[in-house]
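Reading through the structure tokens given below for one structure.
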């Protein structure tokens with residue numbers, strides 16, 4: 001199968017290249033390929049003629065999106081429109097990666113795939129636009145929502161917590177933001193399984209379970225064997241441009257029905273720490 005990965009140099013794109021190595025892979029990413037340019041998308045797809053396009057490319061800095069909302073829609077919305085139109089023209093399945101931030105965080109239970117979308121920040125809104133584009137323009141698609149993604153090779157929440165803790169500095173972490181931490185390697189493997197199954201639909205793919213940012217940090221320290229002070233605080237202690245949904249863990253209903261599940265966030269964290277953050 002020929003598979004084109006947008007954003008193939010990013011944290012998920014790199015994991016996907018490993019998970020999908022049994023297929024013939026193509027990719028596009030900045031600075032030499034820009035999905036907001038429809039001619040570049042057209043040329044790339046004409047050369048590769050993919051059966052499946054996994055669309056990871058996005059503007060994901062939530063605070064930057066809050067400060068530049070028009071750019072967020074141009075990149076995440078219009079960029080996805082360019083991808084979607086070409087997928088329709090060549091008959092490719094589009095697997096679009098999305099986010100739990102399309103929800104408002106007011107639920108009393110983990111969000112399921114068919115729950116109402118109501119984003120509360122510009123990043124979430126731009127991904128909501130992207131989802132609607134996929135739904136309206138592509139006959140065969142999967143929307144795969146994930147959350148709190150982390151991967152090796154970059155600065156992520158885990159790395160920041162460990163760096164500060166190992167320097168002996170006390171930690172302050174919010175208790176009023178709850179989600180589903182997700183290891184990019186696990187997500188990539190789940191996406192590969194969904195592609196193999198080949199059933200269109202909307203899927204929630206995050207490591208199983210939910211926790212607050214505080215609980216996540218505490219588990220990072222516990223598994224790493226580091227004893228430093230960690231104080232619970234609330235998000236109003238920080239002045240930041242974007243407002244994340246307060247409670248936005250996700251439940252995998254449709255993927256589980258197809259046999260595609262992901263391990264617990266604690267087990268995924270353990271695997272990540274063993275492979276990438278041991279001193």
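Here are a few things to note about the model shown:
- Rounded to the nearest 10 degrees, the inclination of helix 122-137 to the longest alpha-carbon principal axis of the chain is 30 degrees.
- Pairwise Cα distances in the chain exceed 29 Å in 31 percent of cases.
- Region 98-235: relative contact order in percent, alpha carbon pairs under 8 Å with at least 6 residues between: 29
- Between 0 and 90°, nearest 10: helix 157-166 axis offset from the chain longest Cα axis: 30
- 0 to 90° range, to nearest 10: angle between helix 184-197 axis and the chain longest Cα axis: 40
- Sites residue 21 and residue 172, calculated FRET efficiency, Cβ-Cβ separation with R0 45 Å, nearest 0.05: 0.60
- Most mobile listed residue (119, 241, 249) in the chain, GNM with C-alpha springs under 10 Å: 241
- Among 34-42, 227-235, 79-87, 50-58, the order from most to least packed when residues are scored by Cβ within 10 Å on average: 50-58, 79-87, 34-42, 227-235
- Relative contact order of the chain: 21 percent, from C-alpha pairs under 8 Å at least 6 residues apart in sequence.
- One decimal place: the segment residue 233-residue 263 gains 7.9 nm when fully extended, by the rule 0.36 nm per residue minus the C-alpha distance.
- Dividing the summed helix terms, -39500 (n - 2.57) for each DSSP H run of n ≥ 4, by the number of residues in the chain produces a 222 nm estimate of -11000 deg cm²/dmol to the nearest 500.
- Here region 153-271 carries DSSP beta bridges of which approximately 25% are antiparallel, counting only pairs with both residues inside.
- Calculated diffusion of region 1-128, Stokes-Einstein form, Kirkwood radius summed over Cα pairs, 4 °C and 1.567 mPa s, µm²/s: 85
- Each label point was placed 7 Å from the Cα along the Cα-to-Cβ direction; for residue 135 and residue 116 their separation is 1.3 nm.
- Per the Cα gyration tensor, region 74-231 maps to an equivalent ellipsoid with semi-axes of 33, 17, 14 Å, ordered largest to smallest.
- When you restrict to C-alpha pairs under 8 Å that are six or more residues apart and normalise by the size of region 181-259, the relative contact order lands at 46 percent.
- Candidates 155, 73, 191, ranked by Gaussian network fluctuation over the chain, Cα under 10 Å, top entry: 155
No value in this document is a laboratory result; all are computed from the given coordinates. Bear in mind the structure is a predicted one, so any value in this text is a computation, not a measurement. Positions of Cβ are generated from backbone atoms using ideal geometry, with glycine treated the same way; all protein chains shown enter the neighbour counts.
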